Amino acid sequence: MLIASLVATNLAAFALLAFSVRKNLEHKERRKQRGLFSPWPVKRVPPHAVIPELAPGPLGPTRETEIAFIANYRVPGAISDLETWILCNLAKRAQLVFEFGTATGKTTYLFARNAPENARIVTLTLDPRTAASYQSAAGDEAAARVSALEESIFEEFVYTGAPVATKVTQLYGDSKTFDGTPWLGRCDLVFVDGAHAYSYVQSDSRKALAMVRPGGVVLWHDYSGPRGAHGVYRALNELARDIELQHLAGTSLVFHRRPH
Ligand SMILES: C[S@@+](CC[C@H](N)C(=O)[O-])C[C@H]1O[C@@H](n2cnc3c(N)ncnc32)[C@H](O)[C@@H]1O
């Protein structure tokens, strides 16, 4: 009887210890993902630190930052509502916007809705006809290819048939073979949101940085820490050694303004 009760007590103590070790590890993992132990290499700043027009007034965001908007309510591959507000405010002052990765075309449409009358929005994507041209490279994570192809299924877009569709140039094809020469140094805003594999983020970033004009902005999506899109995290951490990048707090956007 005594032995049975001792065994039961020890088992309970062991279970409690195992539970608290597991909770502790989970907690550490969450802190690591949030950058509390070792901060993510791209420095986090509030969006208005780099985009002053977003500075809140005493009542929060100002009326000047109002945009035409569709919520991210179960939209595949889409950006968050806060990210939409930031990007569309930049589009309000842009004549030429280039987007890597169209998906449903929700962001493309909102760029077109919010940009000035004579603006042009150029967006590049894989679609069912061009998806086979995707080129993995050594070091790319297999999951990135799977999700890129899963998102390359759209043949109609949110902007299709809308009055602002006349502002949109839709390009199809693989971004590694895409030739950005016609846009070199011309874009006010480049949004990099195509394939998330390391080799693609490197290649798309090189092109984006060549296509943006002096004083223009490049924004990358999906910088979400060591447990997020790893190719994006790795490629942007490396890029941050060479150029100034900022991670916009509350979002997975990384910001770069090309110096004049
Ligand atoms: C995350 S989604 C883009 C979401 C969109 N920017 C938005 O805000 O709604 C990624 C897109 O990149 C496209 N894509 C993936 N790999 C690509 C590649 N190698 N070349 C061009 N586009 C690619 C996919 O077809 C998909 O449309």
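Quick notes on this one:
- Across segment 237-248, the qualifying residues are those that are hydrophobic (A, V, I, L, M, F, W, C) and touching a helix residue (DSSP H, G or I) at 6+ places or on another chain (Cβ under 7 Å), and the one among them that is surrounded by the most Cβ atoms within 10 Å (Cβ to Cβ) is L248.
- Among the candidates D193, D188, D222, D204, residue that is over 15 Å from W40 (Cβ atoms), among the charged types (D, E, K, R) and surrounded by fewer than 24 Cβ atoms within 10 Å (Cβ to Cβ): D188
- Residue check, R227 in the same structural domain as F191 (by TED's automatic domain parsing), touching a residue at least 12 places away in the same chain (Cβ under 8 Å) and of a type in the set (D, E, K, R): yes
- Close contacts from segment 157-176, counting a first residue that is on the phi > 0 side of the Ramachandran plot and a second that is outside any loop (DSSP other than H, G, I, E, B), with Cβ to Cβ under 7 Å and a gap of 6+ residues or different chains, come to G173/L124; G173/S133.
- Listed here are the strands (runs of 3 or more DSSP E) enclosed by segment 92-195 that have at least 2 residues being more than 12 Å from the ligand (Cβ to nearest atom): 120-125, 168-172, 187-192.
- Candidates H256, H230, filtered to the one that is within 21 Å of D188 (Cβ to Cβ) and either among the aromatic types (F, W, Y) or touching an Asp or Glu at 6+ places or on another chain (Cβ under 9 Å) (or both): H256
- Filter result (within 20 Å of K92 (Cβ to Cβ) and of a type in the set (G, A, S)) within segment 41-77: A49, A55, G57, G60, A68, A71
- Residue in segment 79-87 that is of a type in the set (G, A, S) and either outside the structural domain of L184 (by TED's automatic domain parsing) or away from the ligand (no atom under 11 Å from the Cβ) (or both) present: no
The values are calculated or read from the model by the stated rules, or taken from the named source; none is laboratory data. Since the structure is predicted, the reported quantities are computational estimates derived from the model, not experimental observations. So basically every Cβ, Gly included, is an ideal-geometry build from the backbone, and we count neighbours across all protein chains shown.
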